[in-house]
1. In whole percent, what relative contact order does the range 2-187 give with Cα contacts below 8 Å and a gap of six or more residues?
2. Select from Val299, Thr286, Ser274 the residue farthest towards the positive end of the dipole of the range 273-316; place +1 on Cβ of Lys and Arg, -1 on Cβ of Asp and Glu, and compute about the Cα centre.
3. Can you tell me which aspartates and glutamates have their Cα less than 20 Å from the Cα of Lys222? Leave out same-chain residues fewer than eight positions away.
4. Just subtract the alpha-carbon distance of Ile271 and Gln64 from 0.36 nm times their residue separation and send over the number in nm, one decimal.
5. What whole-number distance in Å separates the alpha-carbon centres of the range 253-310 and the range 96-175?
6. For the chain, what does the alpha-carbon gyration tensor say about shape, rounded, prolate or oblate, given a ≥ b ≥ c as the root eigenvalues, a/c under 1.5 as rounded, and a/b over b/c as prolate?
7. Between beta-carbons, use under 14 Å as the cut-off and find the net charge around Ala128, counting Lys and Arg +1, Asp and Glu -1.
8. Could you work out how far apart the two model spin labels at Ser247 and Ser23 are, taking each label as a point 7 Å from the Cα in the direction of the beta carbon, and quote it in nm?
Amino acid sequence: MLIFKYLSPEGITHVFRRRGEVSLRFALPRDYNDPYELFLQTDKPLRSKKHRAFYKYFLGKIKQFPVTCFSKRPDSVAMWAHYGRDAAGVCLAFDEDDLADKFPSAFVGDVKYLEGPAQIPAWKVVYAYTTEKNRHSEWLLNDAYGLAYFAKRSEWQYESERRLIVDPKALKHSNGILLAKLPRRVLRYIIVGPQAQDSIRQLCRRRASEYRVPLLELRIGKTRYKPFFSTASGDVMTWNVKGFRKSSEVCISCGEPARVNAGALCRWCAIEPSEVAEAATRSLMTIALDLGVTSLVEVGFTGAKQKGWRVRRARRS
Ligand SMILES: [Zn+2]
């Protein structure tokens, strides 16, 4: 399974700093951008003070483990904006199994998006307290870990996140930064954002050829609402949940994946200049717009109310 890491221009410079390796940064939950990381509650109030003490004791035992986050999709416009620095960054595709194999022990799972906080069933707390059994305590602690590390509020849903949690001993610690030095084989694709600067493009091109992985570029089309991808050799790819797929039909004019006519043009690029000229003669307004006489065209926004002091003054007079 492919998992995707969106990176800012600085982020990708760090990941590709050393030739021959992929340097992946981990962070502890307390350093993540969600201030409610590891937030837990019981589903019902714990009435007994002893039960509350037991629950509190357990919460105190939840350790901070190094986490690195991925997305399950490479075509999220919000992720490119948020983590890919407005599409000036890069998205790396990893093979999840190959990546996990590089650690002595790794936990990988989907983040669940919840309307409220992650909740541990109160009865499990009472049960583990009452039975005094080792395995019931273990059960409770594992539930707490699973919920704390793999649940977030629904506002984060656009991330389609998958997390990798590893033992801190498997990482290099330098100046408070946790790094995994990984071999190039864990990498499957390098995807450059359309706004990336030349230095970032060059770095990615170099690493793609050294690491023998395909280099893709994210493309934003005009007629297709979903982003797509192109390769240096001119292939166009789209993403579906299973993987990248090469488009069989691509418009030779706009380069977008689309149904094309016998001349290899999409239905928008197939419009003739004479048809554009005819469109401009359809009403007085289109003629005015075509001549650039904007004073004859009153602009309004359906659904939006016009406000401002000039409007107020015009209404009064
Ligand atoms: Zn076209």
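1. Averaging sequence separation for qualifying contacts and normalising by length gives 38 percent for the range 2-187.
2. Positive-end residue among those listed: Val299.
3. Reachable aspartates and glutamates: Asp75, Asp86, Asp235, Glu249, Glu256, Glu272, Glu275.
4. On the way: separation 207, 0.36 × 207 = 74.52 nm, distance 5.93 nm.
Working it through step by step, the gained length comes to 68.6 nm.
5. Each part's Cα centre sits 52 Å from the other's.
6. On the way: a/c = 2.73, a/b = 1.57, b/c = 1.74.
Here the chain falls in the oblate category.
7. Values: positive: Lys50, Arg52, Lys56, Lys61, Lys124, Lys133, Arg135; negative: Glu132, Glu138, Asp143.
Overall, the nearby charge balance is +4.
8. That separation, rounded to one decimal, is 3.7 nm.
Readers should treat all values here as calculations from the given coordinates under stated rules, not as data from a laboratory. These numbers were taken from a predicted model, which means no experiment stands behind them. Reconstructed Cβ throughout: ideal geometry from the backbone, glycine too, with neighbour counts over all protein chains shown.
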